[in-house]
Amino acid sequence: MEHRGLDAYGYFEREGSLGQVQAEFRGLVAAARERIAEAYGRRLHSAYLYGSVPRGTARPGRSDLDLLIALHHAPGEEDRDTTEALAHGLDEEFAEIDGVGILLYGKDRLLSEQERYDLGWFLACLCTPLLGADLAEHLPRYRPDGLLARETNGDLAELLPRVRERIRDAATPQEYRKLCRGVSRHLVRTGFTLVMPRWGGWTSDLTESAEVFAQYYPERADQMRAAAATALDPVSDPAVLRAYVEDLGPWLADEYAARHGTKTARPDAGGS
């Protein structure tokens, strides 16, 4: 299997670009750029795309739009309300997408030492600049090593109780489907970063991620492949979600902690 995502020196190559956005999504991206600038004004430092749209793999009517917005200062309630309205407006108007997810942070948080191998890596390697000065210019280059594995996904054990609560609170097929997509994505990506240092490469493709994982944990391969499939085509069956949080998730959290340790505690879990 070809090891993609790294340059000749073993550093991450930044994935995605505006030039890779498919024709079906260019109007959406243009609208997002215009509305972000209008919504935040001088509070905005920069904005980025990530996910399938800038990678050129989005599926019309089935993929979501993912955005990262960096403000000059830590976001407040008004900023978060603006973000919610922006996401809702784009989702309602553009049938090409099935949902909009927006991450909102202050630039100091994104450039902080504590986020160097989590949000900093994410911005520098997985985000495509859309507006403003690129914060990646202030961040180092990254390799797919154990430190990166620990700081990106070494908090699964901490997250699982919250996911269980969200499953218990879900009341509609639409809510279950949204949870299914998010939880299965997270598990597949965590499964991949568990083996990433041994594999020595990077991919954001969920199907490929599951296959890479399967090379090292064949006894869990079928579960991870199934999770990758439901990440792409989520279902509304609560039993699927319960299997994730009662079996695959706890095993993965324990194996991750044993191999890479747990993520460094953050003093503030909010988007500041």
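Sort out which residues of the stretch 65-75 are farther than 15 Å from residue 26 by Cα and either open to solvent by less than 30 Å² (accessible area, probe 1.4 Å) or β-branched (Val, Ile, Thr) (or both), and write them in order of number.
Residues satisfying the conditions are 68, 69, 70, 71, 75.
Go through the stretch 213-245 and count every residue that is at pLDDT 95 or above and of a type in the set (D, E, K, R).
The total comes to 4.
If a residue must be open to solvent by less than 20 Å² (accessible area, probe 1.4 Å) and in a helix (DSSP H, G or I), how many such residues does the stretch 154-180 contain?
The number of residues fulfilling the criteria is 5.
How many residues are out of contact with any Asp or Glu (no Cβ under 7 Å at 6 or more places or on another chain) and not in a helix (DSSP H, G or I) if we restrict to the stretch 105-148?
Residues meeting the conditions: 20.
Only one of 31, 23 is open to solvent by 10 Å² or more (accessible area, probe 1.4 Å), in contact (Cβ under 8 Å) with a residue 12 or more places away in the chain, out of contact with any strand residue (DSSP E or B) (no Cβ under 8 Å at 6 or more places or on another chain) and more than 20 Å from residue 126 (Cα to Cα); which? Steps first, answer last, please.
Numbers: 23 fails: in contact (Cβ under 8 Å) with a residue 12 or more places away in the chain.
Checking each option against the conditions leaves just 31.
Collect the residues in the stretch 131-140 that are in contact (Cβ under 8 Å) with a residue 40 or more places away in the chain and touching a helix residue (DSSP H, G or I) at 6+ places or on another chain (Cβ under 8 Å), keeping them in residue-number order. Don't jump to the end; show me each part of the working.
Pass one, the stretch 131-140, residues in contact (Cβ under 8 Å) with a residue 40 or more places away in the chain: 131-136.
Answer for the stretch 131-140, where residues must be in contact (Cβ under 8 Å) with a residue 40 or more places away in the chain and touching a helix residue (DSSP H, G or I) at 6+ places or on another chain (Cβ under 8 Å): 131, 135, 136.
Checking the conditions here, which among 209, 204, 184 is of a type in the set (Ser, Thr, Tyr) and not in a helix (DSSP H, G or I)?
Of the residues listed, the single one that is of a type in the set (Ser, Thr, Tyr) and not in a helix (DSSP H, G or I) is 204.
Yes/no matrix, rows are residues, columns are (1) open to solvent by 40 Å² or more (accessible area, probe 1.4 Å); (2) among the basic types (Lys, Arg):
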| site | (1), (2) |
| --- | --- |
| 9 | yes, no |
| 19 | yes, no |
| 35 | yes, yes |
| 40 | no, no |
| 86 | no, no |
| 91 | yes, no |
| 112 | no, no |
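Would you call residue 150 crowded, with 19+ Cβ neighbours inside 10 Å, in contact (Cβ under 8 Å) with a residue 12 or more places away in the chain, in contact with a helix residue (DSSP H, G or I) (Cβ under 8 Å, 6 or more places away or on another chain) and not polar (S, T, N, Q)?
Yes.
Output the number of residues of the stretch 181-212 satisfying the condition of being in contact (Cβ under 8 Å) with a residue 60 or more places away in the chain, in contact with a helix residue (DSSP H, G or I) (Cβ under 8 Å, 6 or more places away or on another chain) and open to solvent by 60 Å² or more (accessible area, probe 1.4 Å).
1
Name every residue in the stretch 224-241 that is open to solvent by less than 60 Å² (accessible area, probe 1.4 Å), part of a helix (DSSP H, G or I) and not hydroxyl-bearing (Ser, Thr, Tyr), in order of residue number.
Looking only at the stretch 224-241, we keep the residues that are open to solvent by less than 60 Å² (accessible area, probe 1.4 Å), and these are 224, 226-231, 234-236, 238-241.
So of that shortlist, the ones also part of a helix (DSSP H, G or I) come out as 224, 226-231, 238-241.
Of everything in the stretch 224-241, those that are open to solvent by less than 60 Å² (accessible area, probe 1.4 Å), part of a helix (DSSP H, G or I) and not hydroxyl-bearing (Ser, Thr, Tyr) turn out to be 224, 226, 227, 228, 229, 231, 238, 239, 240, 241.
Mind listing whichever residues of the stretch 93-110 are open to solvent by 40 Å² or more (accessible area, probe 1.4 Å), more than 14 Å from residue 47 (Cα to Cα) and touching a residue at least 60 places away in the same chain (Cβ under 8 Å)?
Those that are open to solvent by 40 Å² or more (accessible area, probe 1.4 Å), more than 14 Å from residue 47 (Cα to Cα) and touching a residue at least 60 places away in the same chain (Cβ under 8 Å): 93, 96.
The values are calculated or read from the model by the stated rules, or taken from the named source; none is laboratory data. What you see is a predicted model; the values in this text were computed from it and never measured. When we count neighbours, we look across all protein chains shown, and the Cβ atoms used for this are built from the backbone with ideal geometry, even at glycine. With ligands, DNA and RNA removed, areas are computed over all heavy atoms of the protein, side chains included. Shrake-Rupley method; radii C 1.70, N 1.55, O 1.52, S 1.80 Å.
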